[in-house]
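Below is one structure, written out as structure tokens, with a few remarks after it.
The values are calculated or read from the model by the stated rules, or taken from the named source; none is laboratory data. If you're wondering where the values come from, they're calculated on a predicted model, not measured in any experiment. FYI the Cβ positions are ideal-geometry reconstructions off the backbone, even for glycines, and counts take in every protein chain you see.
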């Protein structure tokens, strides 16, 4: 006698827009509602199969023993799982599993609830592609533009200031040429992690492309905090990196611009900081320079 025959399934479970299945402890399917069949792209004539494992993306793997042990102990589990439908499409699913104990027999069955969020996952992926750098995970130029715009609005509203630090790796081409592009990518990822550790949670570090990065240092009274951060970056980022071979000492050149002293928009601030960075690089790198905009021509190098 199956679970379906011995229990009165309500029309709610039959019609609810969430996949529902009841399985034996060994994974055998005893019941699957219509929505689960639609979720798995099963036609009316297709059988669901004896086990949900055949649809799991991990190559037909059953539930991990850690999850099974949790359920058999009478506890529930919830997490993101991945399914491959009968037509081969990937499904991102939030799966919730609850044990169904029977009197004097312990847990003999599990009830599964599946909520498809494939569309949300796709939207999240597209958002990441639009606003985040695929190599380092940092904000890209698009998100940097939004953050600078917000920083300008906040500065105007609060009569405050912020700084932009334009960062470039000295002799990065040499790393690619001598160690290969994989080593160059590894260096960029490790440098990105170090830059993030050097800033506050209210600040932003973004990758413009290549070996160029930008930091938005929020709410500064003058150039002092920006200079202090530049020195910290030069020290922290010059330490050894985990590369396939010894790539030598890595140094940075940093240019600093201040809002509103050196520009009223992102383009002007970046241009000014970029010019300051190249002045640092012209002096041999491993240093920083302050912007020399028309408004601050006398506030030059540091």
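Data overview
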item: Evaluation of residue 295 against (1) part of a helix (DSSP H, G or I); (2) modelled with pLDDT of 95 or more (one fails), failing number; result: (2)
item: Within the range 228-251, considering residues that are touching a residue at least 60 places away in the same chain (Cβ under 8 Å) and in contact with a strand residue (DSSP E or B) (Cβ under 7 Å, 6 or more places away or on another chain), the one nearest to residue 184 (Cα to Cα); result: 250
item: Exclusive hit being more than 30 Å from residue 14 (Cα to Cα) and either crowded, with 17+ Cβ neighbours inside 10 Å or in the same structural domain as residue 273 (by TED's automatic domain parsing) (or both), set 143, 71, 63, 126; result: 143
item: Within the range 221-239, considering residues that are surrounded by 18 or more Cβ atoms within 10 Å (Cβ to Cβ) and touching a helix residue (DSSP H, G or I) at 6+ places or on another chain (Cβ under 8 Å), the one nearest to residue 192 (Cα to Cα); result: 237
item: Residues of the range 31-54 satisfying the condition of being surrounded by 14 or more Cβ atoms within 10 Å (Cβ to Cβ), in contact with a helix residue (DSSP H, G or I) (Cβ under 9 Å, 6 or more places away or on another chain) and either modelled with pLDDT under 80 or not in a helix (DSSP H, G or I) (or both); result: 31, 32, 33, 40, 42, 48, 49
item: Boolean, residue 175 is assigned to a strand (DSSP E or B) and in the same structural domain as residue 274 (by TED's automatic domain parsing); result: no
item: Which numbered condition residue 124 fails, given (1) touching a residue at least 60 places away in the same chain (Cβ under 8 Å); (2) under 30 Å from residue 147 (Cα atoms); result: (1)
item: So residue 112, is it at pLDDT 85 or above, assigned to a strand (DSSP E or B) and assigned by TED's automatic domain parsing to the domain that holds residue 13; result: yes
item: Candidates 193, 206, 186, filtered to the one that is part of a helix (DSSP H, G or I), modelled with pLDDT of 90 or more, under 21 Å from residue 228 (Cβ atoms) and in the same structural domain as residue 287 (by TED's automatic domain parsing); result: 193
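Conditions (1) outside any loop (DSSP other than H, G, I, E, B); (2) in the same structural domain as residue 195 (by TED's automatic domain parsing); (3) over 31 Å from the mean Cα position of the chain (by Cα); (4) at pLDDT 85 or above, marked per residue:
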residue: 246; (1), (2), (3), (4): no, yes, no, no
residue: 249; (1), (2), (3), (4): no, yes, no, no
residue: 261; (1), (2), (3), (4): no, yes, yes, yes
residue: 269; (1), (2), (3), (4): yes, yes, no, yes
residue: 277; (1), (2), (3), (4): yes, yes, no, yes
residue: 281; (1), (2), (3), (4): yes, yes, yes, yes
residue: 301; (1), (2), (3), (4): no, no, yes, no
